[in-house]
Amino acid sequence: MCLIAWNWQPNSPTPLLLIANRDEFYARPTEALQWWPDAPILAGRDLQAGGTWLGVSRSGRLAAITNHRDPAKQRADAPSRGELVSGFLNSNTSANDYLHTLAPSAQNYNPFNLLVFDGTHLLGLQSRNKRVLRFAPGVGAASNADFHTPWP
């Protein structure tokens, strides 16, 4: 089970506190947290597909992703969801614009929840229903179901 939890306090000196774990197939090759030599990204790296599951940029952007657990919806030929995280971190696009541009093509990927922070706004995209969420201040979480869904 992957888990992302946060405390979003936009008017405080520390607007976003985040904790997360990655529960992936142990045999999947990865690199440890480091600054990427080819991009302004601090993250672990998926050596199988090239993306990441959680990272920050030198400009203060953050992105994280969980899969939406639905074995019936998994496709072996789907592009890596990790490219959505690194794509946001490499861009200068606002969180809102990035997610609204991505939403119409979300079905091209295996189901996911994408959390993005552009330094000002914290938003999420649930790929199953192409829903973009703007999070209210406070504590929130995502696991392998939709945002704010209880999960065992």
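Projection of the Cα convex hull of the range 49-116, averaged over all directions and equal to a quarter of that hull's surface, yields 4.5 nm². For the chain, modelled as a GNM whose springs connect Cα atoms under 10 angstrom apart, the maximal fluctuation among LEU125, LEU54, LEU18 occurs at LEU18.
Given Cα pairs under 8 Å that are at least 6 residues apart, what percent is the relative contact order of the chain? Kindly include the intermediate steps, with their values, before the conclusion.
Values: 319 pairs, mean separation 37.0, N = 152.
It rounds to 24 percent for the chain.
By the equivalent-ellipsoid construction on the alpha carbon gyration tensor, the range 1-100 comes out with semi-axes of 23, 17, 15 Å, ordered largest to smallest. Taking ASP23, ASP38, ASP70 as the candidate residues, the one with maximal mean-square fluctuation in a Gaussian network model of the chain, Cα springs under 10 Å, is ASP38. When the surface is traced with a 1.4 Å probe over the full set of protein chains, TRP35 keeps roughly 100 Å² accessible. As I understand it, the dipole of the chain uses +1 on the Cβ of Lys and Arg and -1 on the Cβ of Asp and Glu, about the Cα centre. Which of THR101, PHE112, TRP151 lies farthest toward its positive end? The one lying farthest along the dipole's positive direction is TRP151.
Which of LEU47, PRO29, GLY87 sits farthest toward the positive end of the charge dipole of the chain, with +1 on the Cβ of Lys and Arg and -1 on the Cβ of Asp and Glu? After comparing all options, I get GLY87.
Carbon and sulfur: what percent of the chain's accessible surface (1.4 Å probe)?
Details: 4320 of 8040 Å².
The value for the chain is 54 percent carbon and sulfur by accessible area.
Projecting the Cα atoms of ALA76, VAL132, SER12 onto the charge dipole of the chain (Cβ charges, centred on the Cα centre) puts VAL132 farthest toward the positive pole. Helical runs assigned H by DSSP (4 residues or longer) give the chain a calculated mean residue ellipticity at 222 nm of -3000 deg cm²/dmol, each run adding -39500 (n - 2.57) before division by the residue total. The charge dipole of the chain, taken about its Cα centre with unit charges on the Cβ of Lys, Arg, Asp and Glu (plus for the first two, minus for the last two), comes to roughly 260 debye.
The values are calculated or read from the model by the stated rules, or taken from the named source; none is laboratory data. In this text the structure is predicted, and so the values were computed from the model without any measurement. Every residue, glycine among them, receives a Cβ derived from its backbone with ideal geometry; neighbour counts consider all protein chains shown. The protein model used for the area step is the full one, side chains on, heavy atoms only, and it has no ligands, DNA or RNA in it. Shrake-Rupley method; radii C 1.70, N 1.55, O 1.52, S 1.80 Å.
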